[in-house]
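Single-structure report; data block below.
The values are calculated or read from the model by the stated rules, or taken from the named source; none is laboratory data. Keep in mind it's a predicted model, so treat the numbers as computed, not measured. Cβ placement follows ideal geometry from the backbone for every residue including glycine, while neighbour counts extend to all protein chains displayed.
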Amino acid sequence: MLHNRKKTVQLGDQAVGAGLPVYIVAEIGINHNGNLKLAKRLIDAAKSAGCNSVKFQKRKPELCVPKGEKTKKLETPWGYISYLEYRKKIEFGHKEYQEIDRYCRKRGIAWFVSVWDTPSVDFMEQFRPMCYKVPSAMLSDADLLMRVRKTGRPVILSTGMSTMRQIQSSVKVLGIRDLIINHCTSAYPCPVEELNLRMITRLGQMFDCPIGYSGHEVGLATTVAAVALGACYIERHITLDRAMWGTDQAASVEPGGFSRLVKYIRVVEAALGDGIKKIYDSERPAMRKLRRI
């Protein structure tokens, strides 16, 4: 089916859809490394950059870490510990999210999370989030898809590491009502040759809902190009320093870069226009001076 330019999804106080201002999300994810003070600094940076919202990740490590990975050891800021223990160290609980909710309200920026399992949805419901994000890794988890849909809240579906058949199956479970589909390639950082930005256009032709882009590349230009190709929702990871410890830091954008990214996106969306050819008033002096016939 063809993309309906009038189809929109309401995220908080902003409608998201083709022809509307791009909704820009700074994904804090796990870049806070389990430190609430660092999380607040990242919220501040996102607010200063002009982002619409920040996003975190919520999971129950015992459920989400594959059995074969749980006991693997790795070097961390907390010492040489198992992968499962590391995941527990960086997981925020009720106290932290209560403070995040309070702090985001104080700063005037929206927040929400990616949920990795159904208990995490149950946990987040107490905060009445404006929407849920289903990460690429969980796109094929029908139980999770049905649980987020049961909340009645808008859903953002990321499509990395997935085939078109898997995407179609997931959309069939979710339905297109209040759905945003994000094109994504799940490599951290992602080689530019694998970004495949033309998928934004293809998804827009296939599904009658807003299409977004979740990027993990190095640099800003390709994310801005995603807007020119029709992405009306943009998500990039944010960090205070790409050299910090953590699996997602290298594929993230530092505060200064995020400010430039937001500025570039706003310039490009203003430049896109409405696609209707017209003679602008600014052209008329040149037209009178140079056109002979």
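Structure summary
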item: Residues of the range 225-248 satisfying the condition of being of a type in the set (V, I, T) and surrounded by 19 or more Cβ atoms within 10 Å (Cβ to Cβ); result: V227, I234, I238, T239
item: Unique residue being under 19 Å from the mean Cα position of the chain (by Cα), in contact (Cβ under 8 Å) with a residue 24 or more places away in the chain and over 24 Å from L38 (Cβ atoms) when the list is M146, M161; result: M161
item: E269 being part of a helix (DSSP H, G or I), surrounded by 15 or more Cβ atoms within 10 Å (Cβ to Cβ) and either of a type in the set (S, T, Y) or in contact (Cβ under 8 Å) with a residue 60 or more places away in the chain (or both); result: yes
item: Selected residue (criterion: modelled with the highest pLDDT) from residues of the range 56-113 that are among the small types (G, A, S) and farther than 20 Å from C131 by Cβ; result: G93
item: Positions within the range 249-262 being touching a Cys at 6+ places or on another chain (Cβ under 8 Å) and either surrounded by fewer than 23 Cβ atoms within 10 Å (Cβ to Cβ) or of a type in the set (A, V, I, L, M) (or both), in sequence order; result: A251, V262
item: Members of the range 99-116 that are among the aliphatic types (A, V, I, L, M) and assigned to a strand (DSSP E or B); result: A110, V113, V115
item: Enumerated strands (runs of 3 or more DSSP E) restricted to the range 9-80, each holding at least 2 residues that are of a type in the set (S, T, N, Q) and touching a Phe, Trp or Tyr at 6+ places or on another chain (Cβ under 9 Å); result: 53-58
item: Some residue of the range 82-98 being touching a residue at least 40 places away in the same chain (Cβ under 8 Å), assigned to a strand (DSSP E or B) and more than 22 Å from the chain's Cα centre (by Cα); result: no
item: I279 vs. criteria touching a residue at least 12 places away in the same chain (Cβ under 8 Å), outside any strand (DSSP E or B) and of a type outside the set (S, T, N, Q); result: no
item: Any hit, the range 203-212, residues being more than 24 Å from V54 (Cβ to Cβ), of a type in the set (D, E) and either out of contact with any strand residue (DSSP E or B) (no Cβ under 6 Å at 6 or more places or on another chain) or touching a residue at least 12 places away in the same chain (Cβ under 8 Å) (or both); result: yes
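Here is a yes/no grid of residues against (1) part of a strand (DSSP E or B); (2) of a type in the set (A, V, I, L, M):
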site: Y188; (1), (2): no, no
site: G212; (1), (2): yes, no
site: E217; (1), (2): no, no
site: A225; (1), (2): no, yes
site: A243; (1), (2): no, yes
site: G257; (1), (2): no, no
